[in-house]
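Structure first, commentary second.
The values are calculated or read from the model by the stated rules, or taken from the named source; none is laboratory data. None of the values given here were measured: they were computed from a predicted structure. Neighbour counts run over all protein chains shown; Cβ positions are idealised from the backbone, glycine included.
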Amino acid sequence: MPKIELTCQNCGKGFSVFPAFLRHAEKRGTRVRFCSRACTDEARSKGIIGTKKRRGIEVECVVCGKKVYRPLSRVKEGRTYVCSEACRLKAHEEKLIDRTAPRPNRLLGEEINCCICGKTVYRKKSMIERNIAKTCGNPDCVSAYSRSLWGLPPHPPDKKRYKKGPARRATNFTAKQRMLWTGSECVRCGATENLSLDHIIPVSAGGRSVKSNAQTLCQPCNIWKANHEDRQMALEYNKHLRDHEDKPEDP
């Protein structure tokens, strides 16, 4: 599709645009007069074209009296205005904000009473329409309401619902331990490359990350030990634990 040649009204250079671009500009009620965004900004600063008219108004802060601009979409009758977060907090403390003013449509809700503790809280219209505004949000009230749906009584207040499990064991050496305890050669083959710190008794067999249970091995020796010795020690250790658990206690 051939382009249409135009002349920029700011720099005088020629530029070309597609006919569709001109048709869209006519639908918006504008004209294509400049070749780039830079020329458009420069023409606006020179006064060739006017700036976009602001539709909002300037309102006065109820705390410090500073003039602040608010767009027309945020201008509501009967509302008070603040210029910053600090002024908003101070207005709440001094009760300068009118809470009886009509709320925006997106916040049209109502106050409900918690079905468990009876506390009055505000819930949005969307929550009320979905029938999920039943509690005040306290975890105990939410849990009690959820259990009531299944016909279960609430948890006793003195009973812990979540049991703390055993502390997790360290399964590997720390960076400081590897730096201090790693030797200069493999204790099995004497290699000096690809060295790593290994557990003599593996963690899977009850071994701990202490210096007396550490040795320096190269990568091939470490892999061979893991596939042959460590696996067998872990099997024997787990078998011992199962036999100990199944053994009945002495009366």
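Within the range 1-33, take every residue that is part of a strand (DSSP E or B) and of a type in the set (A, V, I, L, M) and give me the one that is farthest from residue 70 (Cα to Cα).
In this case the residue turns out to be 4.
Mind checking which pairs have a first residue in the range 128-151 that is among the hydrophobic types (A, V, I, L, M, F, W, C) and a second that is part of a helix (DSSP H, G or I), Cβ under 8 Å, 6 or more apart or different chains?
Close Cβ pairs (under 8 Å, with a partner that is part of a helix (DSSP H, G or I)) amount to 133/127.
Could you grab the pairs with beta carbons closer than 7 Å, sequence gap of 6+ or different chains, first residue in the range 54-76 and free of Cβ contacts under 8 Å to residues at least 12 places away in the same chain, second one in a strand (DSSP E or B)?
Between residues of the range 54-76 that are free of Cβ contacts under 8 Å to residues at least 12 places away in the same chain and residues that are in a strand (DSSP E or B), the close pairs are 67/58; 67/60.
Any chance you could count how many residues in the range 148-184 are modelled with pLDDT of 65 or more and either assigned to a helix (DSSP H, G or I) or surrounded by fewer than 10 Cβ atoms within 10 Å (Cβ to Cβ) (or both)?
16
Taking the range 19-65 on its own, how many of its residues are of a type in the set (D, E, K, R) and over 44 Å from the mean Cα position of the chain (by Cα)?
5
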